[in-house]
Every structure is written in C-alpha cells, then in structure tokens.
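The values are calculated or read from the model by the stated rules, or taken from the named source; none is laboratory data. Predicted model, so just to flag it, every value in this text is computed and none were measured. Ideal geometry is used to build each Cβ from the backbone, glycine not excepted, and the neighbour counts take in all protein chains shown.
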Amino acid sequence: MRLGHWMIAGLLSLVVSAGTAFGQERGKAEYALAATDAAWMKVYHAKDLAKSVAFCDELASMLVPNAPIATGKDAIAKAIESDFKNDDIAWHVKKVGVAKSGDLGYTSGTTEMTFKDASGNTKSDKGKYLTVWKKQADGTWKVLVDMFNSDLPATTGLPPA
C-alpha cells in the first residue's frame, strides 16, 4: 500500500513538472513572438520594404482595409509599398498567444496612423490589428495573416456593423 502512495505522488509530481515546463516553454515562445512583432514594426516604421516583406511567410496574406486580399510576397510588397507612400503607422502589442502545438501564434493590439487626405491635409487614425504567425523550421516566426482596421466610423455608405 505504501508503494502505491509513492507511485501516485511520483506521477503527480511528474505531471506538475511537465505542466510547469510546458508553461515555461510557452512563455518563452510568447516572448519571442512579441519581440518578433516589435522588430517587424521597427523595420516597417523605418519604411524598409525588403526587410518588412522578409517577415512574411511565403504563403502569407495581408488583409488591408478597402483593398483586395494581398497573398504572396509580391502582392504583399505592393500593399506595403502603397502603405509607405500614403501613411505612417505604428502598432502596439496588447495580447500574444501561442498554440499548444507551438507552431502557430498571434499578436494583437492597437494601431496609430497619420496620412494625407485627398486635399493634402494630415489626418490621424487609431485602430486595431491581428496578426497570425507561423513558426518556421529554423525556429523563427513569420507572418501568416495580417489584418488591421480603423476605429473611425465608415463614411462611404457602408452598412453599420
């Protein structure tokens, strides 16, 4: 009987240790993902097209407001290049998560943007974003899907949400 208690205690200890190790690994992955998101924002804000596109997976898509989905690095480069010409954007991570499998994750948060309107006046906007990331074979994270939109109300006759 005594041996059975020790076995149960040992198994419980093993389960708790495995859970703790998983939590630590997940925390490390979330930290790495948040750091990657911040590094992407830094090169994006610097308007470095090649480095900005390099953060994207080969099969990535960008869901830019008021435009068709841009899929693949060539289409994403065009979308980012247009963004560079028309506005300045910064984003701030508020949430980070990594799947139990460790191969997918997300970052989400807020955005701030300044741009020129049709009259050439500088305008500002605040919004939100969601980026889905895929862990690569070499351990780095690449953007799989990125989308963002404004907090401002639609002004082009779109139906209310």
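On inspection, M147 does not qualify as at pLDDT below 90, surrounded by 14 or more Cβ atoms within 10 Å (Cβ to Cβ) and over 18 Å from A39 (Cβ atoms).
Per-residue answers, yes or no, for (1) out of contact with any Gly (no Cβ under 9 Å at 6 or more places or on another chain); (2) farther than 17 Å from A67 by Cβ; (3) among the basic types (K, R):
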{"position": "S101", "(1), (2), (3)": "yes, yes, no"}
{"position": "G105", "(1), (2), (3)": "no, yes, no"}
{"position": "G109", "(1), (2), (3)": "yes, yes, no"}
{"position": "D125", "(1), (2), (3)": "yes, no, no"}
{"position": "T140", "(1), (2), (3)": "yes, yes, no"}
{"position": "N149", "(1), (2), (3)": "no, no, no"}
{"position": "A154", "(1), (2), (3)": "yes, no, no"}
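Taking segment 52-161 and the strands (runs of 3 or more DSSP E) fully enclosed by it, the elements with 3 or more residues that are of a type in the set (G, A, S) are at 104-116.
Quick check on segment 126-142: of everything there that is touching a Leu at 6+ places or on another chain (Cβ under 9 Å) and buried (at least 16 other Cβ atoms within 10 Å of the Cβ), which residue is nearest to L63 (Cα to Cα)? Here the answer is T131. Of the set (1) in contact with an Asp or Glu (Cβ under 7 Å, 6 or more places away or on another chain); (2) surrounded by 15 or more Cβ atoms within 10 Å (Cβ to Cβ), all apply to T114 but (2). In segment 84-139, the qualifying residues are those that are without any contact (Cβ under 8 Å) to a residue 24 or more places away in the chain and hydroxyl-bearing (S, T, Y), and the one that is farthest from A54 (Cα to Cα) is S119.
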